[in-house]
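A quick write-up on the structure given underneath.
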Amino acid sequence: MTEKNIINGRLLEIQRMSTEDGPGIRTTIFLKGCTLHCSWCHNPESISPKPQLQWLKSNCIGCQLCVAACPNNSLSYIDNQIIIDRNICEACGICVEECPTGALEMMGQEITVEEVVQEVLKDKAYFEKSGGGITVSGGEPTLQAGFVAEFMKRMKENDIHTALDTCGLAPAAAYEKILPYTDLLLYDIKEIDSNKHKEFTGSSNEKILNNLLTLSEWMKIHGSPKALWIRTPIIPDATGTEENIAGIGQFIAKNNLHPDRWELCAFNNLCNDKYQRLGQKWTFEKYGLLSADEMEQLTEIAKNSGVNRENILWTGSVKTKEKIILTKDNEPKPVDYCRITGLPDEES
Ligand code: SF4
Ligand code: SF4
């Protein structure tokens, strides 16, 4: 076995048929472990670098075989719920093996580069037809830079388009390993005010902004990655303010970053279940989707900030009030429904 076959990574999941993490149809490789702790995180199971046990209530039949099997007495069954004492759970996986219905899952498996390569190559025909490829995301993939670099290199050897999705908080050395094999850099600027950034994510933003300037220079010198997409999550009562979007736009314009795309990503609440499975409370539990009007308003602010208007768009699910139904009493009633939009007309 050669060296390249034995580099291990900590995988959260491989998600196929993604259309959100770069052009075309993509297979996204989510890795475990992150350098930020965003309060709105949509992948809370990716934050910890360690394996984590989760319980899926809908699959549980209450047999309590898991409780009996745990060598650490980490599990109890109270009020029809499995309670996991995470202070003493060692993530050994015995209960997962014992559960007859798949109601317990261990997130974060060790995987080799070769195993991921073989898995992803199954999707090559989709990439070729759609102009897609792979995206490595997380968590923060640069925490596993050796693994990611080797994997991306293998992708390039197979003529597959590669994207790196990073939160920007990583040492330069980690980027230097990965970027030679990266076609598209997906880079988050979440909040321009450093104090707020710290409040929302656990870290200030100076290093993230400086890294972006350095990486932009790297791209000019090395010609790789060829494309830069900046992404800003629009979070209600946090990043989704006119002041923040205008500030980010001014930073991009002032530093001549010229991203190929600046994407405002609408908040969604689909991750609520994930927090419940991990036994965690989510700050944004009660928040609903934003409206198309709110997203369009912020997009207009972005377009007037000095960044090339043509390259700015918003994406994600939003609520609209455009649909009217008749109630039982024949009263017209507006109904919320979701749509995925924000792409320029020619792309939607
Ligand atoms: S993973 Fe191991 S230690 Fe944790 S609850 Fe299951 S059996 Fe117990
Ligand atoms: S073994 Fe599985 S189905 Fe049985 S109580 Fe535990 S989690 Fe539920």
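The values are calculated or read from the model by the stated rules, or taken from the named source; none is laboratory data. Values in this document were obtained by computation on a predicted structure and should not be read as measured data. Cβ sites come from the backbone with ideal geometry, for glycine too, and all protein chains shown count toward neighbours. Side chains are part of the model used for accessible areas, which takes the heavy atoms of the whole protein and leaves out ligands, DNA and RNA. Shrake-Rupley method; radii C 1.70, N 1.55, O 1.52, S 1.80 Å.
Listing for the model above:
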{"quantity": "Filter on Lys190/Lys319; Lys286/Lys319; Lys207/Lys319 - keep pairs with C-alpha separation over 26 Å", "calculated": "Lys207/Lys319"}
{"quantity": "Cα-based reach from Lys32 at 16 Å (exclusive), listing aspartates and glutamates while leaving out same-chain residues under 8 positions away", "calculated": "Glu13, Glu45, Glu105, Glu110, Glu140, Asp165"}
{"quantity": "Protein accessible area in the chain, 1.4 Å probe - carbon and sulfur %", "calculated": "49 percent"}
{"quantity": "Virtual paramagnetic centre 7 Å along Cα→Cβ of Asn255, amide N under 14 Å, in the stretch 150-169", "calculated": "167-169"}
{"quantity": "Equivalent ellipsoid dimensions for the stretch 52-107 as semi-axes, Å, which come from the Cα gyration tensor, largest first", "calculated": "15, 12, 10"}
{"quantity": "Sum of side-chain charges, Ala163 neighbourhood, beta-carbon under 9 Å (Lys, Arg +1; Asp, Glu -1)", "calculated": "-2"}
{"quantity": "Sequence-distant residues sharing a close amide H with Leu12 (under 5 Å, placed H)", "calculated": "Phe30, Leu31, Lys32"}
{"quantity": "With DNA, RNA and ligands ignored, accessible area of Tyr287 (1.4 Å probe; Å², nearest 10)", "calculated": "70 Å²"}
{"quantity": "Heavy-atom surface of the chain, accessible at 1.4 Å and reported per residue (Å²)", "calculated": "50 Å²"}
{"quantity": "Rule-of-thumb Rg ratio for the stretch 175-269 [Cα; 2.2 N^0.38 Å; N residues]", "calculated": "1.09"}
{"quantity": "Environment charge at Asn269 (Cβ cut-off 10 Å; Lys +1, Arg +1, Asp -1, Glu -1)", "calculated": "-1"}
{"quantity": "Amide H contacts of Thr135 (H built 1.01 Å from N, under 5 Å, at least 5 apart or other chain)", "calculated": "Thr27, Thr28, Ile29, Ala163"}
{"quantity": "Links that overshoot a 23 Å alpha carbon limit, given the list Lys198/Lys281; Lys177/Lys226; Lys57/Lys122; Lys156/Lys254; Lys156/Lys226", "calculated": "Lys57/Lys122; Lys156/Lys254"}
{"quantity": "Computed over the stretch 97-149, the ratio Rg/Rh where both radii use C-alpha atoms and Rh is Kirkwood", "calculated": "1.08"}
{"quantity": "Reachable aspartates and glutamates, given that their alpha-carbon falls under 17 Å from the alpha-carbon of Lys220 and they are not under 8 places away in the same chain", "calculated": "Glu176, Asp183, Asp260"}
{"quantity": "J(HN,Hα) series, the stretch 82-93, from Karplus relation 6.51 cos²θ - 1.76 cosθ + 1.60, nearest Hz, glycine and proline x", "calculated": "7, 9, 9, 7, 6, 6, 10, 5, 9, 6, 6, x"}
{"quantity": "Per residue, the convex hull volume that the Cα atoms of the chain enclose (Å³)", "calculated": "177 Å³"}
